[in-house]
């Protein structure tokens with residue numbers, strides 16, 4: 001879907017890929033971009049272009065109300081970027097509160113957006129849901145079982161949506177970033193270079209470069225949008241010989257613990 005002349009909503013827009021998506025959508029000619037986060041983002045665009053507003057994506061009713069308000073005031077929502085995410089670390093023994101928050105933000109927020117949007121989109125015969133997952137949802141996230149599990153679920157839900165509603169005019173894209181220089185990445189892995197050493201993929205890129213890749217994929221109606229093309233090779237290796245891939249990742253995990261001091 002071409003964003004030109006469209007109304008778009010971006011969640012998790014206070015920084016990182018979310019704020020970069022807002023900038024990219026404005027540059028692409030979207031008529032209105034609704035930038036949301038827990039607190040209203042502080043974008044510098046004129047209010048006739050970008051509306052900054054608060055949204056708790058874990059609140060299904062708040063999501064429904066926002067959709068109602070946006071469509072009443074600005075017209076039909078054509079694109080919804082379910083970009084909000086959390087990367088709380090943890091293993092099987094992480095507290096339930098950590099698992100619950102990650103599940104709500106990384107997965108259920110996509111479900112709540114779909115509940116609010118799909119009836120309208122099906123009636124119109126068009127709409128594009130863009131969810132942000134992670135390469136952790138296709139490969140894994142070393143040392144972070146909570147993130148890996150919820151991002152796998154996010155990929156699975158997006159794939160199911162894409163298959164189920166494609167013949168009714170609904171487009172679904174799933175963004176799976178590699179190492180992107182964002183506050184979330186710096187908060188979990190310290191710095192972009194360290195993240196790239198852990199994740200691999202040809203170097204950390206800026207959020208604006210990631211957003212440009214995303215919009216290119218959206219225009220082409222691609223389901224899987226990768227910020228690092230080399231990740232397709234990693235996916236092929238995993239699918240071709242999963243046991244060998246797990247052995248390799250086990251060795252990488254050992255080196256990662258040395259690098260990060262865990």
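The values are calculated or read from the model by the stated rules, or taken from the named source; none is laboratory data. Keep in mind the model is a prediction, meaning the values are calculated, not measured. Cβ placement follows ideal geometry from the backbone for every residue including glycine, while neighbour counts extend to all protein chains displayed.
Every test in (1) under 29 Å from residue 239 (Cβ atoms); (2) modelled with pLDDT under 95 is passed by residue 186 save one, and that test is (1).
Here residue 21 fits the description: buried (at least 17 other Cβ atoms within 10 Å of the Cβ), under 20 Å from the mean Cα position of the chain (by Cα) and not in a loop (DSSP other than H, G, I, E, B). Per the conditions (1) buried (at least 17 other Cβ atoms within 10 Å of the Cβ); (2) modelled with pLDDT of 95 or more, the sole criterion not satisfied by residue 140 is (2). Highlighted here are the strands (runs of 3 or more DSSP E) found entirely within the stretch 31-121 that include at least 1 residues which are under 22 Å from residue 177 (Cα atoms): 32-37, 77-82. Applying the set (1) modelled with pLDDT under 95; (2) under 22 Å from residue 87 (Cα atoms); (3) in a helix (DSSP H, G or I) to residue 214 leaves exactly one unmet item: (1).
List pairs: first residue in the stretch 221-236 and on the phi > 0 side of the Ramachandran plot and modelled with pLDDT of 95 or more, second residue buried (at least 17 other Cβ atoms within 10 Å of the Cβ) and outside any loop (DSSP other than H, G, I, E, B) anywhere in the structure, Cβ distance under 9 angstrom, at least six positions apart or on different chains. That search, which allows pairs on different chains as well, returns 221/128; 221/171; 221/173. One residue alone among 75, 85, 90 is modelled with pLDDT of 95 or more and in contact with a helix residue (DSSP H, G or I) (Cβ under 6 Å, 6 or more places away or on another chain), and that residue is 85. Any residue in the stretch 40-51 that is surrounded by 15 or more Cβ atoms within 10 Å (Cβ to Cβ), within 21 Å of residue 208 (Cβ to Cβ), touching a residue at least 12 places away in the same chain (Cβ under 8 Å) and within 19 Å of the chain's Cα centre (by Cα)? Yes.
How many residues are closer than 14 Å to residue 175 by Cα and over 10 Å from the mean Cα position of the chain (by Cα) when one looks only at the stretch 127-143? Counting residues in the stretch 127-143 that are closer than 14 Å to residue 175 by Cα and over 10 Å from the mean Cα position of the chain (by Cα) gives 7. Residues in the stretch 41-66 that are at pLDDT 95 or above and under 18 Å from residue 105 (Cβ atoms): how many? Summing the residues that are at pLDDT 95 or above and under 18 Å from residue 105 (Cβ atoms) in the stretch 41-66 gives 13.
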